[in-house]
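Undergrad: I'd like to ask you about the structure that follows.
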Amino acid sequence: MTDLNMIEAIRMALSRALEEDPDVVLFGEDIGIDGGVFRATDGLIQRYGSARVRDTPLSETVIAGMAVGAATQGLKPVAEIQFMGFLYSAIDQLANHAARLRNRTRGRLSCPMVLRAPFGGGIGAPEHHSESMEAMLAHIPGLRVVVPSTPARAYGLLLAAIQDPDPVVFLEPKRLYRATSEPVVDDGAALPIGDAARLREGGDLTLVSWGAMLKETHAAAEALAGEGIEAEVIDLSSLKPIDRRTIRASVEKTGRCLIVHEAPLTAGLGAEIAADLAEHCLTSLLAPVRRVTGYDTVMPYLRLEDRYMPSVGRILRAAHDMMEFA
Amino acid sequence: MAEPLVFLNAAGACVRDLPDFARDGQTLKALYAAMVRTRRFDAKAVALQRTGRLGTYASSIGQEAISVGVASAMRAEDVFLPSFREHGGQLWRGVTLEELFLYWGGDERGNDFGGPRQDFPVCIPVASQYPHAAGVALAMQQKGSGGVAVAIGGDGSTSKGDFYEALNIVGIWQLPAVFVINNNAWAISVPRSQQSQAQKLSDKAIGTGLPGEQIDGNDVIAVRAATERALERARAGEGGTLIECLSYRLGDHTTADDASRYRDEEEVSPHWKEEPLIRLRAHLVEAHGWGKKDEEALLRACAEEVDAAAETYLATEPEPARAMFDHLYADLPPDIAAQAEEARDD
């Protein structure tokens, strides 16, 4: 077992999938000889050949649409959109076709494809390279949207996404690509999609987050522990479907829920979680559900980027408010 | 500028040597019957819509030769990716009249084709079927299946980036795909002249390295001949082709449209002389002994078949409310299954 960072774990999962399933084919911009701009596919073209690891022209619409067509005919396309900011033109294909082909043919055609895209800020990238627009995708019926938070979870969830019989958007928190390393076993074991993961246990407060914001969320939980406040940390992992049961069970225990996400506040996934708790856990709540999120602003360019990202301080202030409320 | 490929002119006269398939009377009669059947289906569908028994419907009247000609050149293992005006091709491929009525009547079960299981349902968002064709062709190339992906769209669809992106990648990867443009001169209210300054839409292939050809889309023989050549190229590993078929939309865009708002009858009426059935019928009479009795028998058979299919459709009960969840995912997530419990039929 080796210590791997997230980008290495993703590469290992892709390699495993290519190795085990001859129908798996990778395509995207610069994923071949360049190995992807983040090196997620480094070395794969040499190992599996240019028929299975394909550089596409600069064509996000055709990357997504071609994945739809190929998936209906027995291939397992794992396509890459280079940055989430360039994914918008692919949403037509995701929403109009990938996510509804099974339904509109009453099960005759299906679309087992994966669309990978790095997302989120915090690496000082150019404009349009740092967005977190996952709520737009989670709103699309028929889709699955998955976000890993650790190298090991990235490995298992990506394999699950590739094995899934329906389309999955796999959003990779690029701030975590090389942030930490941990042991990852190349055992080909997929993690279940749709299950949230409880990363830390606590009885006073539930912190729900996903992707890169779990870094700040963990740091806040650690600081709270120093004050004698035990926070439970839940990694949502699957943004569609949402594992409501795990969140409700935790909040029924703690009575407090704080949701942390990098995406803008309004109509973000935090709103869905807060509404679900209001509908199902009202009598368990000791304090109003709170959200610490990105602002409803355009994602700032790099000089103000850090001012946008939810900080440990903001999470702690909200947590303190909630503990003081009751 | 080269003239569009044509074998039978509007009067039904042969203007060049016919390809082999078109010397056979039975083949031509089958093509003619398929076009007549399509037109009968169109008429019935419009009538059902006008009487509140079908959803919004896109008639293909006047463009039957494109759809039928293309489909008749294909093999069963090829995959057809039509836009919403290609009923004739779907019927030729084995989609049933009942399925078409069911689909246009608002029931997704009409897309669960019993016949061509791999064919795509009609593409409603214009031009997004072209990237699918590239993907289908990629799978065919990768698996060495020998099949070809055949996509059809309208003249308006060539203005979208999807069209260019799909042709472009098919060119780079030499994928087995054929792109057919049903240029019926109108995209709802926007005429061809306002769609592009390109002299020919088939010229748009030049920028992708694909061969492009403009043909008379009202001559089913030309359509089939051009499609056969394109399919042969694709099967030989020589890549994709773009075929622009010139035709004319004799009807409204759909039953929800009123074309008199934007085009005059004087523009439309000359095109009735050029539509595809007249010329093939004239040729059948001239060269293959097609008589009045043959014509009447065909019309009667088509009418009976279409009416019977319509009755079957009208007698088909809608699915229960719960059905909107049944094929959303292979396995419905518990999160969404909870909503399915709320979907009631009362």
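The values are calculated or read from the model by the stated rules, or taken from the named source; none is laboratory data. What you see is a predicted model, and the numbers here were worked out from it, not measured in a lab. All Cβ positions, even for glycine, are placed from backbone atoms using ideal geometry, and neighbour counts span all protein chains on display.
Residues are listed down the side, and each one gets a yes or a no for (1) surrounded by fewer than 24 Cβ atoms within 10 Å (Cβ to Cβ); (2) closer than 28 Å to A:R11 by Cβ; (3) assigned by TED's automatic domain parsing to the domain that holds A:A275:
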position: A:L159; (1), (2), (3): yes, yes, no
position: A:D166; (1), (2), (3): yes, yes, no
position: A:P173; (1), (2), (3): no, yes, no
position: A:E222; (1), (2), (3): yes, no, yes
position: A:A225; (1), (2), (3): yes, no, yes
position: A:E230; (1), (2), (3): yes, no, yes
position: A:P241; (1), (2), (3): yes, yes, yes
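Undergrad: Let me ask something else about it. With the requirement that a residue be facing chain A (nearest Cβ under 7 Å) and crowded, with 23+ Cβ neighbours inside 10 Å, what does the stretch B:122-132 give you?
TA: To start, the set of residues in the stretch B:122-132 that are facing chain A (nearest Cβ under 7 Å) comprises B:125, B:128, B:131-132.
Scanning the stretch B:122-132 gives B:S128, B:P131, B:H132.
Undergrad: Any chance you could count how many residues in the stretch B:172-186 are closer than 26 Å to A:I63 by Cβ and in a strand (DSSP E or B)?
TA: As a first pass, look at the stretch B:172-186 and keep what is closer than 26 Å to A:I63 by Cβ: B:172-181.
Keeping just the survivors that are in a strand (DSSP E or B) gives B:177-181.
Residues that pass the stated criteria total 5.
Undergrad: On to the next question. For A:F38, only one of the following conditions fails: (1) outside any helix (DSSP H, G or I); (2) within 20 Å of B:L138 (Cα to Cα). What is its number?
TA: Looking at each condition in turn, A:F38 falls short on (2).
Undergrad: Suppose the filter is among the charged types (D, E, K, R), surrounded by fewer than 16 Cβ atoms within 10 Å (Cβ to Cβ) and under 27 Å from B:R233 (Cβ atoms); does B:E3 pass it? Show your work before the answer.
TA: Values: among the charged types (D, E, K, R): yes; surrounded by fewer than 16 Cβ atoms within 10 Å (Cβ to Cβ): yes; under 27 Å from B:R233 (Cβ atoms): yes.
Here the answer is yes, as B:E3 does meet what is asked.
Undergrad: Something else: For A:L75, state whether it is crowded, with 24+ Cβ neighbours inside 10 Å and more than 10 Å from chain B (Cβ to nearest Cβ). I'd like the intermediate steps shown before the answer.
TA: On the way: crowded, with 24+ Cβ neighbours inside 10 Å: yes; more than 10 Å from chain B (Cβ to nearest Cβ): no.
No: the conditions fail for A:L75.
Undergrad: Tell me yes or no: at least one residue of the stretch B:94-101 is of a type in the set (D, E, K, R), crowded, with 24+ Cβ neighbours inside 10 Å, assigned by TED's automatic domain parsing to the domain that holds B:A127 and in contact with an Asp or Glu (Cβ under 9 Å, 6 or more places away or on another chain). Lay out the reasoning, then the answer.
TA: Step one: list which residues in the stretch B:94-101 are of a type in the set (D, E, K, R), which gives B:98-99.
After this cut, where a residue has to be crowded, with 24+ Cβ neighbours inside 10 Å as well, the list is none.
Among the residues of the stretch B:94-101, not one is of a type in the set (D, E, K, R), crowded, with 24+ Cβ neighbours inside 10 Å, assigned by TED's automatic domain parsing to the domain that holds B:A127 and in contact with an Asp or Glu (Cβ under 9 Å, 6 or more places away or on another chain), which makes the answer no.
Undergrad: Just one of A:A117, A:A154, A:A99, A:A125 is hydrophobic (A, V, I, L, M, F, W, C) and out of contact with any helix residue (DSSP H, G or I) (no Cβ under 8 Å at 6 or more places or on another chain); which is it?
TA: Values: A:A117 fails: out of contact with any helix residue (DSSP H, G or I) (no Cβ under 8 Å at 6 or more places or on another chain); A:A154 fails: out of contact with any helix residue (DSSP H, G or I) (no Cβ under 8 Å at 6 or more places or on another chain); A:A125 fails: out of contact with any helix residue (DSSP H, G or I) (no Cβ under 8 Å at 6 or more places or on another chain).
The unique qualifying residue is A:A99.
Undergrad: Hey, another quick one. Residues B:V36, B:V46, B:V68: which one is outside any loop (DSSP other than H, G, I, E, B), farther than 19 Å from B:N218 by Cβ and either touching a residue at least 40 places away in the same chain (Cβ under 8 Å) or aromatic (F, W, Y) (or both)? Walk me through it before giving the result.
TA: Numbers: B:V36 fails: farther than 19 Å from B:N218 by Cβ; B:V68 fails: farther than 19 Å from B:N218 by Cβ.
Testing whether each residue is outside any loop (DSSP other than H, G, I, E, B), farther than 19 Å from B:N218 by Cβ and either touching a residue at least 40 places away in the same chain (Cβ under 8 Å) or aromatic (F, W, Y) (or both) leaves just B:V46.
Undergrad: Further question: Could you identify the single residue in A:L205, A:L191 that is more than 16 Å from A:V292 (Cβ to Cβ) and crowded, with 19+ Cβ neighbours inside 10 Å?
TA: Details: A:L205 fails: more than 16 Å from A:V292 (Cβ to Cβ).
Among A:L205, A:L191, only A:L191 is more than 16 Å from A:V292 (Cβ to Cβ) and crowded, with 19+ Cβ neighbours inside 10 Å.
Undergrad: Now for a separate question. Of everything in the stretch B:291-344 that's part of a helix (DSSP H, G or I) and among the basic types (K, R), which residue is farthest from the other protein chains (Cβ to nearest Cβ)? Can you show your working first?
TA: Start the filter on the stretch B:291-344 by keeping residues that are part of a helix (DSSP H, G or I), which leaves B:292-314, B:323-326, B:334-340.
Adding the requirement that they be among the basic types (K, R) leaves B:292-293, B:300.
Working: B:K292: 42, B:K293: 41, B:R300: 33 Å.
Only one residue tops the list, namely B:K292.
Undergrad: Restricting to the stretch B:242-256, and then to whatever is assigned to a strand (DSSP E or B) and either over 14 Å from B:A73 (Cα atoms) or modelled with pLDDT under 95 (or both), can you tell me which residue is farthest from the chain's Cα centre (by Cα)? Before the answer, list the steps.
TA: Keep residues of the stretch B:242-256 that are assigned to a strand (DSSP E or B), which gives B:242-246.
Subset that is either over 14 Å from B:A73 (Cα atoms) or modelled with pLDDT under 95 (or both): B:242, B:244-246.
Numbers: B:L242: 15, B:E244: 13, B:C245: 11, B:L246: 13 Å.
Restricting to residues being assigned to a strand (DSSP E or B) and either over 14 Å from B:A73 (Cα atoms) or modelled with pLDDT under 95 (or both), the top hit is B:L242.
Undergrad: Inside the stretch A:78-105, can you point out the residues that are surrounded by 20 or more Cβ atoms within 10 Å (Cβ to Cβ), more than 8 Å from chain B (Cβ to nearest Cβ), out of contact with any strand residue (DSSP E or B) (no Cβ under 8 Å at 6 or more places or on another chain) and of a type outside the set (A, V, I, L, M, F, W, C)?
TA: Residue satisfying the conditions is A:R100 alone.
Undergrad: Let me ask another. Counting just the residues of the stretch B:133-157 that are closer than 16 Å to B:M74 by Cβ and at the interface with another protein chain (Cβ under 10 Å from one of its Cβ atoms), which one comes out nearest to the chain's Cα centre (by Cα)? Spell out how you get there, then give the answer.
TA: Start the filter on the stretch B:133-157 by keeping residues that are closer than 16 Å to B:M74 by Cβ, which leaves B:133, B:136-137, B:140, B:145-152.
Checking the rest, the ones that are also at the interface with another protein chain (Cβ under 10 Å from one of its Cβ atoms) come to B:133, B:136-137, B:140, B:145, B:147, B:149, B:151.
Values: B:A133: 14, B:V136: 18, B:A137: 19, B:M140: 22, B:S145: 24, B:G147: 19, B:A149: 14, B:A151: 9 Å.
Going through the qualifying residues, I end up with B:A151.
Undergrad: In the same structural domain as B:V136 (by TED's automatic domain parsing) and touching a strand residue (DSSP E or B) at 6+ places or on another chain (Cβ under 9 Å): which single residue out of B:A73, B:A34 fits that description? Steps first, answer last, please.
TA: Values: B:A34 fails: touching a strand residue (DSSP E or B) at 6+ places or on another chain (Cβ under 9 Å).
From the options B:A73, B:A34, the qualifying one is B:A73.
Undergrad: I've got another one for you. Determine the pairs where a residue that is part of a helix (DSSP H, G or I), located within the stretch B:210-238, has a partner that is surrounded by fewer than 18 Cβ atoms within 10 Å (Cβ to Cβ) and small (G, A, S) with Cβ atoms under 7 Å apart, the partner being 6 or more residues away or on another chain.
TA: From the stretch B:210-238, the pairs are B:R235/B:G146.
Undergrad: Now a separate question. Check A:T206, A:T217, A:T246 and return the single one that is in contact (Cβ under 8 Å) with a residue 24 or more places away in the chain, in a strand (DSSP E or B) and either in contact with a strand residue (DSSP E or B) (Cβ under 8 Å, 6 or more places away or on another chain) or closer than 22 Å to A:G156 by Cβ (or both). Break it down into steps so the answer makes sense when it comes.
TA: Working: A:T217 fails: in a strand (DSSP E or B); A:T246 fails: in a strand (DSSP E or B).
Going through A:T206, A:T217, A:T246 in turn, just one is in contact (Cβ under 8 Å) with a residue 24 or more places away in the chain, in a strand (DSSP E or B) and either in contact with a strand residue (DSSP E or B) (Cβ under 8 Å, 6 or more places away or on another chain) or closer than 22 Å to A:G156 by Cβ (or both): A:T206.
Undergrad: Right, something else. Answer yes or no: is there a residue in the stretch B:261-270 that is touching a residue at least 40 places away in the same chain (Cβ under 8 Å), in a loop (DSSP other than H, G, I, E, B) and under 30 Å from B:G55 (Cα atoms). It would help to see each step written out before you state the result.
TA: Initial filter on the stretch B:261-270 (touching a residue at least 40 places away in the same chain (Cβ under 8 Å)): B:261-263.
Adding the requirement that they be in a loop (DSSP other than H, G, I, E, B) leaves B:262-263.
Those left that are additionally under 30 Å from B:G55 (Cα atoms): B:262-263.
For the stretch B:261-270, residues touching a residue at least 40 places away in the same chain (Cβ under 8 Å), in a loop (DSSP other than H, G, I, E, B) and under 30 Å from B:G55 (Cα atoms): present.
Undergrad: Can you tell me which of (1) crowded, with 24+ Cβ neighbours inside 10 Å; (2) in a loop (DSSP other than H, G, I, E, B) is the one B:A198 doesn't meet?
TA: Of (1) crowded, with 24+ Cβ neighbours inside 10 Å; (2) in a loop (DSSP other than H, G, I, E, B), only one is false for B:A198: (1).
Undergrad: Let me ask another. Test of understanding: among A:G142, A:G121, which residue is among the small types (G, A, S) and either in contact with an Asp or Glu (Cβ under 6 Å, 6 or more places away or on another chain) or closer than 11 Å to A:G85 by Cα (or both)?
TA: It is A:G121.
Undergrad: For B:F179, only one of the following conditions fails: (1) among the aromatic types (F, W, Y); (2) facing another protein chain (nearest Cβ under 10 Å); (3) under 25 Å from B:S60 (Cα atoms). What is its number?
TA: In the conditions (1) among the aromatic types (F, W, Y); (2) facing another protein chain (nearest Cβ under 10 Å); (3) under 25 Å from B:S60 (Cα atoms), B:F179 misses (2) alone.
Undergrad: Please determine whether any residue of the stretch A:35-45 is within 11 Å of chain B (Cβ to nearest Cβ) and free of Cβ contacts under 8 Å to residues at least 12 places away in the same chain.
TA: Filtering the stretch A:35-45 for residues within 11 Å of chain B (Cβ to nearest Cβ) gives none.
No; the residues of the stretch A:35-45 include none that is within 11 Å of chain B (Cβ to nearest Cβ) and free of Cβ contacts under 8 Å to residues at least 12 places away in the same chain.
Undergrad: Hey, could you check the stretch B:85-109 for residues that are in contact with a Phe, Trp or Tyr (Cβ under 9 Å, 6 or more places away or on another chain) and basic (K, R) and say which is farthest from the other protein chains (Cβ to nearest Cβ)?
TA: Restricting to residues being in contact with a Phe, Trp or Tyr (Cβ under 9 Å, 6 or more places away or on another chain) and basic (K, R), the top hit is B:R93.
Undergrad: Taking the conditions exactly as written (at pLDDT 95 or above and either closer than 23 Å to A:K174 by Cα or not in a loop (DSSP other than H, G, I, E, B) (or both)), does A:I259 satisfy them or not?
TA: Numbers: at pLDDT 95 or above: yes; either closer than 23 Å to A:K174 by Cα or not in a loop (DSSP other than H, G, I, E, B) (or both): yes.
Against the criterion (at pLDDT 95 or above and either closer than 23 Å to A:K174 by Cα or not in a loop (DSSP other than H, G, I, E, B) (or both)), A:I259 qualifies.
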